[in-house]
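Everything below concerns the one structure shown next.
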Amino acid sequence: MSSLEALSWVCLFAPLAGVVVLTLAGSRLSRQAAAWAGTAFSLASFLAAVYVAYKLHHEPKFHHHGAREHVFTLYTWATSGSFRVPFDVLIDPLSVVEMLIVSGVGTLIVAYSIGYMHGDPKERRFFVYLDLFLFSMLLLVMSANFALLLAGWGLVGLSSYLLIGFWHERKAPVDAAKKAFVMNAIGDVGIAIAIFFMVRDLGTVEFQRVFDQAGSRWPQGSSTANWIAFLLLLGAVAKSAQIPLHTWLPDAMEGPTPVSALIHAATMVTAGVYLVARTHVLFENAPDIQSLVALIGVATLLMAGVIALVQTDIKRIIAYSTMSQIGYMFAAVGIGAYSAGMFLLLAHAFFKALLFLGAGIVIHALSGEQDVRRMGGLQPALRKTATLMWIGTIGLIGFWPLAKDAILASAYAKGGTTAMIVFVAGLVGAFFTGVYATRLMRLTFYGPRSTYADVHLHDTSHGEAPWTMFWTVTALAAGTIVVGFLAIGFGTTDELASWLRFVAPTVESSVSDEVLTTALGWGAGLAGAALVFWAYSRPERLATVKRPLRAGAVVAENRFYWDTAYRWIAYLPASAIASGLYRYVERWIVWGSVSVLTYVVRGFSRAATDAQNGVVRLYATAFAAGAAVLAAYFLTKASL
Amino acid sequence: MTTALIVLPLAGALVVALAPLPRRLTELLALLVALAECILGAVALVGFDAGGGPQYVTNREWISDFGLNASVRYHVSMNGLSLFMVLLTAVGIAASIAVAARMGRERPRAYFALVLVLESALVLLFTAQDLVLFYVGWEIMMIPLYVLMGVWGGAGRRAATMQFVVYTLVGSLLMLVAIAYLGVTAGTFERQALIAHPHEPTWLFFAFAAAFCIKAPLFPLHAWLPSAYRESSPEVAALLSGVVSKAGAYGLITFAVPLFPKTAHDWRWLLLGLALAGLLYGSLVAFRQPDARGVIAYSSLAQMNLIVIGIFAFNVNGSTGATFQMVNHGVVSLAAFLLIGLVEARTGTDLFASLGGLANGRPMFSTVFLIAALWALAVPGSSVFVSELYILIGAFQQAALLGAAAALGIVLAAMYMLRWYSALAHEGDGSSVPHGMPDLRPGELAIAVPLILILLALTAYPFGVMDRLT
Amino acid sequence: MHVGVAWFLGVSAVLFGIGLFGVFTRRSPIILLLSVEIMLNASNLALISVARYWGEQSGQVFALVVMAVAASEVVVGLGLVVAMARRRADLDVDSLTGLRN
């Protein structure tokens, strides 16, 4: 076993070891020790991932498909004789990027939780779940076949369920957790059916073999090719909270804030983008569906951007912003700009985790208050947090890293209807982003301090938060700035794109295109930010801006009525059908049939019972009569 | 080896029934016998050669010249499926005896003797290679069940037992007629010999299938199921849904289909259609049940119908998935019913309306319930997920729409099992939950943890089982 | 007049009929037992006469077996009668319905 292989397995299994150790140790380990141990296991995973990335980077430069690509098999997981599922991992540039994000950002967020969850009675369990999540997510991004990918896909959904519903004493988190799990199960079924197609037609679910044979087995644009891409898209849409399966994500904010940062911003929800990039061969084999990916992304980025404008819960604002940003990523991979999409995924992992964790510090400082209308004027008290969150906001609006601009440039360079829709919608979305991101900062940190904050704000004179929380947020801010250098554009070496060239290519764009699109993107974002500071500086200005938009605001505040529609279209009819089946079919037809049967048998037995009256002479008479009948029968038969 | 597995519990039953031991010693003795059976089963597993065909064979004349020029043989052996069904039986009986001993049953000598007789009959029917011998095992299996349900059951036990008896007897009498007909016309009761010379009147297949489909049960032959699962004591319900229902599926796989391959294949759409209907129907009805047992009962119906889909997909993926699912579902429903039993013992009810909050400060309770629920809903990555995936692949290969429709069952399972778990574990304590109800005690953990460990082992290495099943 | 096997069988049939009539009409358990004995002996007579007619031994062997069974039956039957007599005065089989369904 090479060191590369060994460290790959360490990276995958270290968090699982954490789950086992923490579960078995139970209350023998103090809460604080359990928290640190949970962090140590994820750190071990990150160090292994760094080593794997380093080794892979030092392999000979690759000029063809198949280089810097390793499949390591541990054992055969399942078999039916004809169809086997190996337990194997694929180490290639794409999975390494994901491994680094998951274990790196993951470790920071786990470390943050040491301070955030301090004193919670279920603290140990929280770290077990976090480690379980990291294992599941690593399994998802490392697996080398679709079945194992689906296993990871479902297990991250499970961890997400457990963590959203972590505070299960209240009803809201439990309902949100169930909703998230069931909606994700719909996506799981999509991927499962795609797997059925692969096994039926190719007899394998190994990535490489499927991608190699896909084009010849399923002609481009054929109905099977479309179905497979569509079903994978269904999985991606459910996991990444895109229209129409997006309604679980805002509700998922009922979970603890580190969970929102880790699962519902940095890693799990972007898995859909990873899936499309990973299986881009299958999507390119179905061009219509790939356009659909881009259009779903566009619709989501606009809708979520609009809803984010009117939200008042600080975490929900960030949640809708996440949906919107993932919409950008979908748009990118939908037009074939995979590495641009992955760049936004990478940058987003940092700046969105940063924003969530910063929001977590604010919430912590205000004893759990999440409503931005009850904040305001916190900047003097939370000076460092505000500065760090500004770095995140700059990343979100797209000034730096230049991730969104890379997508816009790719769309502009690509041309064609879909790409142009992406480009225009992307600019509009950039304006919305500028507005909601700045509004969040403006309402939280500036303006007059609310009376609520006056009463509830913790004393921050000796530190705004425990050092584990503060230090990790700082690291994320640094990360946000550093990743920006991976892909600057404007003719400089695009490190990320060349790293991903063969696994997740991009659309090349010229320097002049990039200057134009970046200028437009910055302009849209700046306009949005400026509008916010202008409007909120005086109440009458705000009223002027809001008045013509009132009708739209109602629609946005009701989240475009998706939840209402699902209630009427899906939940209520399904419940009614289930109740009806139970009340009528089960009670009357099924149970009725057995009642009839029982009744008949009971009737016979009652008749037989009446004959058993205990009168011996009656028995003797019956016996003699029977004998006589038999005798008569045999006599007549003999005489014939 | 096989004979030892059959005789050990029978001998144990005799000793338990006749030895005038006090209650504690009776329970201990029964438990020891059941554990010894588990160990014996483990020895058989270790010595089993994957891909080696039927093993541990005993083949002797039993009743010579049946008067029909067909002799009945005592012919027992184990293939992979038999082996894992026997292991499932051994584990299920041991766990059930442990639970019954903890709760304390009236007239313990009779109770535990009957449970051990049930074990012996199950092992016999899972290993018999002669139709008459199989039928003997099948009928002996029913007798202890009738008594256990009718004497030790809940308030509505008489009606439940009546339905169960009538329904299952109708099925097994049809099978008896078919067995007699086969023996007379073919001159043998040996399974292998009968497979070699297929015999094809259509009604024979249906006579066999009726017995097995009632036992499984296949939709819409499940009318006995809800009341039987509700009115039995929890460990008997666990055995019914975990082990006895598998006897039905086992019969389909081992007898009904291979003896009449052509009829089975010609009529597969009837069975596939019913099974698909049953899968979706059971899942939907499970979603509206007001009690914990009701949900597991109907989910059991759905799962058994999924297994039938796998069997009648007529390909290797479907059948491997079906057999592996028999193992998985057996352990899962054992765990689910026994855990419900532990809750009932403390709260006196399994109605959702008066339960809840088991997870509050009771980490063991919530963890074992959670694992049972997750495996029951086939969370991706679990062993149940693997078996369902194979069944559905098989169904999809048979017909794409069938596989896609059956895959909907996954979403429905997530809905009803999460509802089950949340209703039991989440939010505030229910009205029937005693104040400060303690977490699982060590003795209860000793029952739950082995079942959980089995599930985890199956998940980590499904190949170990699946390789022996193919 | 040749007394053939038919005569023997005729007597046997008449005896059997008498026994059967007794079983049907009488209520006393003792008479009932006597009637059963008569029927058994009727069958013995038939067995022996047919055995002689065919020149075979098996009928006679059967008759011996029936006698042995009859003897033990009378023992059990009379034992029951005595037990009945001890427990209750009236010896009437029609009132013995304690074992009905």
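The values are calculated or read from the model by the stated rules, or taken from the named source; none is laboratory data. These figures come from a predicted structure and were not determined experimentally. A quick note on method: Cβ atoms are made from the backbone with ideal geometry, for glycine too, and the neighbour counts reach across all protein chains shown.
Below is a table of values for the structure above.
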quantity	calculated
Filter result for the condition that a residue is surrounded by fewer than 24 Cβ atoms within 10 Å (Cβ to Cβ), more than 14 Å from chain A (Cβ to nearest Cβ), under 17 Å from B:Ala121 (Cβ atoms) and of a type in the set (A, V, I, L, M, F, W, C), over B:Ile195, B:Ile140	B:Ile140
Residue in the range B:313-325 that is in contact with a helix residue (DSSP H, G or I) (Cβ under 7 Å, 6 or more places away or on another chain), within 30 Å of B:Leu351 (Cβ to Cβ), in contact (Cβ under 8 Å) with a residue 60 or more places away in the chain and not β-branched (Val, Ile, Thr) present	yes
Among (1) surrounded by 24 or more Cβ atoms within 10 Å (Cβ to Cβ); (2) in contact with a Ser or Thr (Cβ under 7 Å, 6 or more places away or on another chain); (3) farther than 16 Å from A:Met253 by Cα; (4) more than 9 Å from chain B (Cβ to nearest Cβ), the one test that A:Gly187 misses	(2)
Pick from the range B:364-393, criterion over 23 Å from the mean Cα position of the chain (by Cα) and more than 7 Å from every other protein chain (Cβ to nearest Cβ), ranking: nearest to A:Leu148 (Cα to Cα)	B:Thr367
Residue under evaluation B:Thr168, criteria (1) at pLDDT 85 or above; (2) among the polar types (S, T, N, Q); (3) surrounded by fewer than 16 Cβ atoms within 10 Å (Cβ to Cβ), criterion not met	(3)
Pairs, first free of Cβ contacts under 8 Å to residues at least 40 places away in the same chain in the range A:570-582, second surrounded by 11 or more Cβ atoms within 10 Å (Cβ to Cβ) and of a type outside the set (D, E, K, R), C-beta under 7 Å, six or more apart	A:Ile577/B:Leu284; A:Ala578/B:Leu284; A:Ala578/B:Val285; A:Ala578/B:Phe287; A:Leu581/B:Tyr281; A:Leu581/B:Leu284; A:Leu581/B:Val285; A:Tyr582/B:Val285
Matching entry among B:Leu451, B:Leu456 (being over 19 Å from A:Ala194 (Cβ atoms) and either touching a Pro at 6+ places or on another chain (Cβ under 9 Å) or buried (at least 22 other Cβ atoms within 10 Å of the Cβ) (or both))	B:Leu451
Sole residue being surrounded by fewer than 23 Cβ atoms within 10 Å (Cβ to Cβ), part of a helix (DSSP H, G or I) and touching a residue at least 40 places away in the same chain (Cβ under 8 Å), chosen from B:Ala180, B:Ala155, B:Ala90, B:Ala110	B:Ala110
Hits in the range A:225-241 - residues which are over 16 Å from A:Ala294 (Cβ atoms), surrounded by 24 or more Cβ atoms within 10 Å (Cβ to Cβ) and free of Cβ contacts under 8 Å to residues at least 60 places away in the same chain	A:Ile228, A:Ala238
Which listed residue is more than 21 Å from C:Ala71 (Cα to Cα), within 14 Å of chain A (Cβ to nearest Cβ) and in contact (Cβ under 8 Å) with a residue 24 or more places away in the chain, from C:Ala42, C:Ala46, C:Ala13	C:Ala13
Single match in C:Gly22, C:Gly59, C:Gly98 (criterion: touching a Gly at 6+ places or on another chain (Cβ under 9 Å) and either part of a loop (DSSP other than H, G, I, E, B) or at pLDDT below 90 (or both))	C:Gly98
Options B:Ala297, B:Ala359, B:Ala336; residue that is more than 30 Å from A:Gly26 (Cβ to Cβ), hydrophobic (A, V, I, L, M, F, W, C) and surrounded by 22 or more Cβ atoms within 10 Å (Cβ to Cβ)	B:Ala297
Residue match in the range B:440-462 (condition: within 7 Å of chain A (Cβ to nearest Cβ) and among the hydrophobic types (A, V, I, L, M, F, W, C))	no
Which listed residue, of A:Ser240, A:Ser143, is of a type in the set (Ser, Thr, Tyr) and more than 11 Å from every other protein chain (Cβ to nearest Cβ)	A:Ser240
Residue that is under 24 Å from B:Ala95 (Cβ atoms), charged (D, E, K, R) and buried (at least 24 other Cβ atoms within 10 Å of the Cβ), where the choices are B:Glu444, B:Glu388	B:Glu388
Cross-chain or 6+ apart pairs with Cβ under 6 Å, the range A:612-628 first and facing chain C (nearest Cβ under 7 Å), then not acidic (Asp, Glu)	A:Gln612/C:Arg100; A:Gln612/C:Asn101; A:Asn613/C:Arg100; A:Gly614/C:Thr97; A:Gly614/C:Leu99; A:Gly614/C:Arg100; A:Val616/C:Val93; A:Ala620/C:Val23
Restricting the range B:200-213 to residues that are surrounded by fewer than 23 Cβ atoms within 10 Å (Cβ to Cβ) and over 15 Å from B:Ala180 (Cα atoms), the residue that is modelled with the highest pLDDT	B:Ala210
Number of the exception - A:Leu100 against (1) within 21 Å of the chain's Cα centre (by Cα); (2) surrounded by 23 or more Cβ atoms within 10 Å (Cβ to Cβ)	(2)
A:Asp454, sole failed condition from (1) in a helix (DSSP H, G or I); (2) more than 16 Å from A:Leu354 (Cβ to Cβ); (3) in contact (Cβ under 8 Å) with a residue 24 or more places away in the chain	(3)
Residue ID - surrounded by the most Cβ atoms within 10 Å (Cβ to Cβ), chosen from residues in the range A:449-474 that are modelled with pLDDT of 85 or more and under 17 Å from A:Gln379 (Cβ atoms)	A:Val473
Conditions (1) under 22 Å from A:Tyr338 (Cα atoms); (2) surrounded by 21 or more Cβ atoms within 10 Å (Cβ to Cβ); (3) among the hydrophobic types (A, V, I, L, M, F, W, C): number failed by A:Ala524	(1)
Qualifying position, being at the interface with chain B (Cβ under 8 Å from one of its Cβ atoms), modelled with pLDDT under 90 and either surrounded by 24 or more Cβ atoms within 10 Å (Cβ to Cβ) or farther than 18 Å from A:Leu231 by Cβ (or both), among A:Arg124, A:Arg170	A:Arg170
Whichever residue in the range A:616-640 is among the hydroxyl-bearing types (Ser, Thr, Tyr) and surrounded by 10 or more Cβ atoms within 10 Å (Cβ to Cβ) and, among such residues, is nearest to C:Phe16 (Cα to Cα)	A:Thr621
Only listed residue being surrounded by 15 or more Cβ atoms within 10 Å (Cβ to Cβ), within 29 Å of the chain's Cα centre (by Cα) and assigned to a helix (DSSP H, G or I), chosen from A:Ala553, A:Ala570, A:Ala477	A:Ala477
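Yes or no, residue by residue, for (1) out of contact with any Cys (no Cβ under 9 Å at 6 or more places or on another chain); (2) buried (at least 17 other Cβ atoms within 10 Å of the Cβ); (3) not hydrophobic (A, V, I, L, M, F, W, C):
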| residue | (1), (2), (3) |
| --- | --- |
| A:Pro15 | yes, yes, yes |
| A:Ala34 | yes, yes, no |
| A:Ala37 | yes, yes, no |
| A:Ser45 | no, yes, yes |
| A:Tyr51 | no, yes, yes |
| A:Glu59 | yes, no, yes |
| A:Phe72 | yes, yes, no |
| A:Arg84 | yes, yes, yes |
